[in-house]
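See below for the structure under consideration.
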Amino acid sequence: MIERLTYLWPEITLFIGACVAVVLGLSPKAEVRQQTPVVVGLALIVAAALGIATPPAPSWAIMPGLMAFAKPLIALVGLLLLLTAVGSVDRDEEAAIRAGKEFNALRITSAEFYAFFLFSLTGAMLCATAGDLVWLFLALELTSLPTYVMVVLSGRGRRGFERSQEAGVKYFFLGALGAAIFLYGFALLYGGTGTTRFVEMGAYFAENGMNAIAAAGMVLSLVGVSFKIAAVPMHFYTADVYQGSSSGVAAFLAFVPKTAGMISILLLVSTVGWTFESGSLSPMVDSLLWALAVLTMTVGNVLAVLQSSVKRMLAYSSIAHSGYMLVGVVAGPGGGAFASNGISAVMFYLLCYGVMNTGAFAVLAALERSRDGEPEEADSFDDIKGLCRTHPWLGWSLVLTMLSLLGFPPILGFFAKVPLFTSALGADRVALVVILAINSAIAAYYYLRVVATSMLEPPGESRVRSAGVPSRVVAAALSAAGVLVFAVFGDALMGASEQAGDVLVFIDSDAPHGEPLPAEPHLDHLEIEHHGASPEGHGEQVSLGR
Amino acid sequence: MLAVLMLVPLLFAVGVLLAPARRARDVALLGTVIALVLTVYAMFVFDWNFTADRAQLGMTVEWLPRLGLNFSLGVDSVALWLIVLTSLLGPLCVLGSWTAIQSQQRTFYGWLLALQAAMTGVFAAKDLMLFYICFEFTLIPMFVLIRVFGSTNRKAASVKFFLYTFTGSIIALAGLLYVVWFATRTGVGWTLDIETLGRVAMGMPLENQALVLLALLAGFAVKVPLFPVHTWLPLAHTEAPTAGSVILAGVLLKLGTYAIYRFVLPFTPAAVVEYAPAIAVLCIIGIIYAGLICWVQTDVKKLVAYSSVSHLGFCVLGLIALNSTGITGSVLYMINHGLSTGALFFLIGFMYERYHTRSMRELGGLAAKMPVWATFMVFFTMASVGLPGLNGFVSEFLCMLGTFQADSGWGDAEGVMPGATWGVLGPWFAAFAATGVIVAAMYLLYMVGRMCFGPLVEPPAHDEHDEHHEGALPRDLTAREIGVLLPLAALCLYLGLQPSPLMRSIASPINSTVQLVRGASEAPPSPPLMGAPAGDLAGDVPAHGDDAVHSPAGTEVVR
């Protein structure tokens, strides 16, 4: 247990940051309160640095390279999210205080907001650290619980607060339902395998194959966790919740729970493994993931086409992106090199998605329109008409991030999608690749609409103006720069995700499946190999002995 | 050198954006002229003794090595000629839009230059993904040109153009990556180098080749466009501004045929041989059907647009004749069609600037008012019809001759038909395609007869509007407009009279392609690879190759 603490420094940092944020955010002095986001940002930077310096993978990690990639990823995209979310709460209250209103700690919510922001990120990081089901459950809940509150807080004191409240409650109840489903699944997995640890579970499956209880548990777990990544059929909340929360929080919802969920799915599926010849992949898990992927991307894209609100469109498109990532999960680790490793592809896609999707939301967050004299977030296609002319920075950022989400070459989103293609082709998933290609084409329709509206239309009737939060413009510009710069110098990031795509694969040497393998004397009963590009510890053995 | 050819238009595109709006067209003209001069210089640097060597004028810079992506350029003579065509049309397009584009000039010229860079990149790319990136990137500039500067129905046209081609090409990407996988499994490692892939891809079993062929055609046939997927083209052509139409007809459609030449033939030779008759039928349907549609058009621009569909049918037919005559004709066709149809679109654009209509009901007998325009019109129509002595004739004749000869049943081995070469088409295909020539003569002569000769018809209430309102343009063509058309006319004439230097220069790359296809299709097919397990095949992927280390001592499970 103590040994595990050495892997937790990023989480500990974020936790301390959250505690400091609670104190600072409630300070009666306005100057001190204003420093809260700075502290949060510093905590994220430190956590990112600590995450990069994660020590070599421990024996309980079923994905040895995951932590060193996922933690900096979450912290750095978290920084972008922070820039986008700044100013989501308390703006009216702070203005009133500046105008002479008395400070009332009960009416100030930024302390909670920023603390929850960091708590949720902590949860997502803890998912990457998870070595067993209990830990994973707690981490997933820590990721989600703060977000329910953030949704409601972000709408407080604004127009349409009822919608935020509705969104928060809906998100909470459906989230609880999802949690119940995967908790039940975890319990059955424990019942079926007799262990909660992933590595032992993997060994169990390799040796004994799948049994009915574990299979039910695996299905329930995957379906329940797919709530976090907003995969069909657990996607129903997405559009309403994103629309009900402010754009900054919507960006947060589109990335943080999704990352946590995607990591959890990878950890869970790793226990069953991907390799056919060892017989350890249950066809059931395979077809479940296949169906999830196809349904998720198709439903997400088709529904996104129909939307008239940009935020709802982005919500559905985020569903579609989950579907794309599931393609990588289905493809599996392949030979380990970047182009053939579906897990690396998922990791790299998460990174790119975090950058480009946050940028798109940041543009929306940076704009507001006035309706009946009250400010309201920009949301409709009318609001972004001619944005490149009225707000060039925001407009071009929107164009670039949208083209990137579309997967248009030579922008980052394209290079994120190519590994999904190559890894799925490498796993001979031709049908899946064709569906992915067709879906990309459907997606082109609605992303192109945004591009054309903001770049080529003359400015519309709707008078949008800057929301007056410069950090959001910075976030948008950073994402836009990111999708260009990483498209040119992305190789290092690909290398990092290649490391993260390393998975332990369990091979039962006297497998009863198919042709019995000739007995090889040098092979012991069970063999564990690193599949994929492992760091220095190439082919190191993982002992299950205690 | 090729990188410079891509970089110059890009730099000037940025320059256009930074320049004051009034100077935009000057900057654009300067940029395209410099690119043209550099292209001419490249032709001198190019070693014409080694025309099949794609290493020429090239460079390779690593881009994303983990994806195997290199910024790798290099041309053989076929690609070089197409780059020359691109660079030639560049300044002409700028000059041709000199007065037509009045507002948002920076947007127009900026994207026009970006488009030129991307098209050059397509022809110059030696790396499969670089090719794809440039191929796709052409969509955005063209989308903007149609969307912003098109006529009434421009929104629908631009979206249809984008979605059609994007959908097709992303499926083609899947097909191309499948080929990369196959090559990887044969042991050459993960590479995106087109030549390397071309050498090993032919080993693919027929079933897989057929799949890949289908995927590639999904992308490239849309771009060409072949018969059932051509519907975006007339709309896009009609709505696009003049320069857009010229580029679209002149170069963008050739991206499709070039891609068929560069990828489909070497990557899936056996499948092409197997399915060539089916593709040829599609081409012939396109030739005749589009020709008949032309005949009933009243919109003269739409007529020329449909004629492109018909003409490119010949071009693809020549390619899949799979003999050097046909492919040579096809490559010539790419260049000739770019010259003559490009010029026709210029002419229609110039006419449109004066009359603001393209309907043949409202126009007629313009030779009386615009003799110079009418002269050029007749000239380029003749070039397009394929009048002997002009360029269109040579290429069309070669395409059909190649199709005619491509009958292995009559093979020279048996000595039955001395002229016949190896191939799977034959006289019947040529005969049906030839009816397309008659149809083409009918509709083009009908058009030119209606527009240029006969009683003078001008749009009603147009005269005073034009004379007083937009008096900037005189009745007949200006010196600038003549200057745009003259180089094209000269080349049409030259290539009609003296095609052999050009044909000689492209002979050797074409011959090696023919050898490749022929050799591959005669080789015994290898067993299917479908359904092979992922794990061990993927192990061939290079870099960190030592991915599955078996532990000799094993591990213990303690329960």
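The values are calculated or read from the model by the stated rules, or taken from the named source; none is laboratory data. Please read these numbers as outputs of a predicted model, since none were measured by experiment. Quick reminder, even Gly has a Cβ in these numbers, built from the backbone with ideal geometry, and neighbours come from all protein chains shown.
Quick notes on this one:
- Matching residues in segment B:44-71 - criterion: being crowded, with 17+ Cβ neighbours inside 10 Å, touching a residue at least 40 places away in the same chain (Cβ under 8 Å) and more than 14 Å from every other protein chain (Cβ to nearest Cβ): B:51, B:54, B:57, B:58
- Residue selected from segment B:72-94 under the condition among the polar types (S, T, N, Q) and closer than 24 Å to residue B:319 by Cβ, by the criterion farthest from the other protein chains (Cβ to nearest Cβ): B:77
- Scanning segment B:214-240 for residues that are within 14 Å of chain A (Cβ to nearest Cβ) and surrounded by fewer than 24 Cβ atoms within 10 Å (Cβ to Cβ) yields a count of 4.
- Residue in segment B:361-378 that is touching a Ser or Thr at 6+ places or on another chain (Cβ under 6 Å) and of a type in the set (A, V, I, L, M) present: no
- Restricting attention to segment B:268-281, the residues that are under 19 Å from the mean Cα position of the chain (by Cα) and surrounded by 24 or more Cβ atoms within 10 Å (Cβ to Cβ) add up to 1.
- A single entry from A:212, A:254, A:230 fulfils the requirement of being free of Cβ contacts under 8 Å to residues at least 40 places away in the same chain and more than 14 Å from chain B (Cβ to nearest Cβ): A:212.
- A search for C-beta distances below 6 Å between a residue of segment B:1-14 that is under 11 Å from residue B:39 (Cα atoms) and part of a helix (DSSP H, G or I) and any residue that is at pLDDT 90 or above and of a type in the set (S, T, N, Q), counting only pairs 6+ apart in sequence or on different chains, returns B:5/B:120; B:6/B:120.
- Options A:38, A:20: the member that is at negative phi, without any contact (Cβ under 8 Å) to a residue 12 or more places away in the chain and in a helix (DSSP H, G or I): A:38
- Flag for residue A:9 being touching a strand residue (DSSP E or B) at 6+ places or on another chain (Cβ under 7 Å), within 29 Å of residue A:263 (Cα to Cα) and not aliphatic (A, V, I, L, M): no
- Number of the exception - residue B:158 against (1) farther than 30 Å from residue B:349 by Cα; (2) at the interface with chain A (Cβ under 9 Å from one of its Cβ atoms); (3) of a type outside the set (D, E, K, R): (1)
- For beta carbons closer than 7 Å, sequence separation of 6+ or different chains, a first residue in segment A:423-440 that is within 7 Å of another protein chain (Cβ to nearest Cβ) and a second that is crowded, with 24+ Cβ neighbours inside 10 Å and part of a loop (DSSP other than H, G, I, E, B), the qualifying pairs are A:426/A:334; A:427/A:332; A:427/A:334; A:440/A:407.
- Among residues of segment B:21-39 that are over 14 Å from residue B:11 (Cβ atoms), those with a beta-carbon under 8 Å from a residue that is among the β-branched types (Val, Ile, Thr) and in a helix (DSSP H, G or I) at least six positions away or on a different chain give the pairs B:24/B:16; B:25/B:94; B:29/B:94; B:39/B:83; B:39/B:84.
- Filtered residues of segment B:202-212 (kept if within 14 Å of chain A (Cβ to nearest Cβ) and aliphatic (A, V, I, L, M)): B:204, B:210, B:211, B:212
- Out of B:284, B:288, one residue alone is of a type in the set (A, V, I, L, M), touching a helix residue (DSSP H, G or I) at 6+ places or on another chain (Cβ under 7 Å) and buried (at least 23 other Cβ atoms within 10 Å of the Cβ). It is B:284.
- Of all residues assigned to segment B:270-290, none qualifies as being at pLDDT below 90 and on the phi > 0 side of the Ramachandran plot.
- Search result, residues across segment B:127-155 that are surrounded by fewer than 22 Cβ atoms within 10 Å (Cβ to Cβ), more than 9 Å from chain A (Cβ to nearest Cβ) and among the β-branched types (Val, Ile, Thr): B:152
- Any hit, segment B:32-39, residues being among the small types (Gly, Ala, Ser) and over 26 Å from residue B:193 (Cα atoms): yes
- Counting the residues of segment B:219-247 that are of a type in the set (D, E, K, R) and more than 19 Å from residue B:115 (Cβ to Cβ) gives 0.
- Residue match in segment A:400-414 (condition: away from chain B (no Cβ under 14 Å), crowded, with 22+ Cβ neighbours inside 10 Å and under 16 Å from residue A:467 (Cβ atoms)): no
- Subset of segment A:71-102 [surrounded by 17 or more Cβ atoms within 10 Å (Cβ to Cβ), among the hydrophobic types (A, V, I, L, M, F, W, C) and part of a helix (DSSP H, G or I)]: A:73, A:74, A:75, A:76, A:77, A:79, A:80, A:81, A:82, A:83, A:85, A:97
- Only listed residue being closer than 30 Å to residue A:493 by Cβ and either outside any strand (DSSP E or B) or in contact with a Ser or Thr (Cβ under 7 Å, 6 or more places away or on another chain) (or both), chosen from B:38, B:88, B:80, B:17: B:17
- Restricting attention to segment A:190-203, the residues that are surrounded by 19 or more Cβ atoms within 10 Å (Cβ to Cβ) and either of a type in the set (Gly, Ala, Ser) or in contact (Cβ under 8 Å) with a residue 60 or more places away in the chain (or both) add up to 8.
- If the condition is being closer than 15 Å to residue A:87 by Cβ and of a type outside the set (D, E, K, R), then segment A:364-381 contributes A:364, A:365, A:366, A:367, A:375, A:378.
- In this entry, residue A:39 passes the filter for residues that are within 22 Å of residue A:105 (Cβ to Cβ) and not small (Gly, Ala, Ser).
- Some residue of segment B:161-181 being within 11 Å of another protein chain (Cβ to nearest Cβ), touching a Phe, Trp or Tyr at 6+ places or on another chain (Cβ under 8 Å) and modelled with pLDDT under 90: no
- Filtered residues of segment A:491-509 (kept if farther than 14 Å from residue A:68 by Cα, at the interface with another protein chain (Cβ under 9 Å from one of its Cβ atoms) and surrounded by 23 or more Cβ atoms within 10 Å (Cβ to Cβ)): A:505
- Which listed residue, of B:341, B:381, is closer than 21 Å to residue B:242 by Cβ, of a type in the set (S, T, N, Q), buried (at least 24 other Cβ atoms within 10 Å of the Cβ) and under 17 Å from the mean Cα position of the chain (by Cα): B:341
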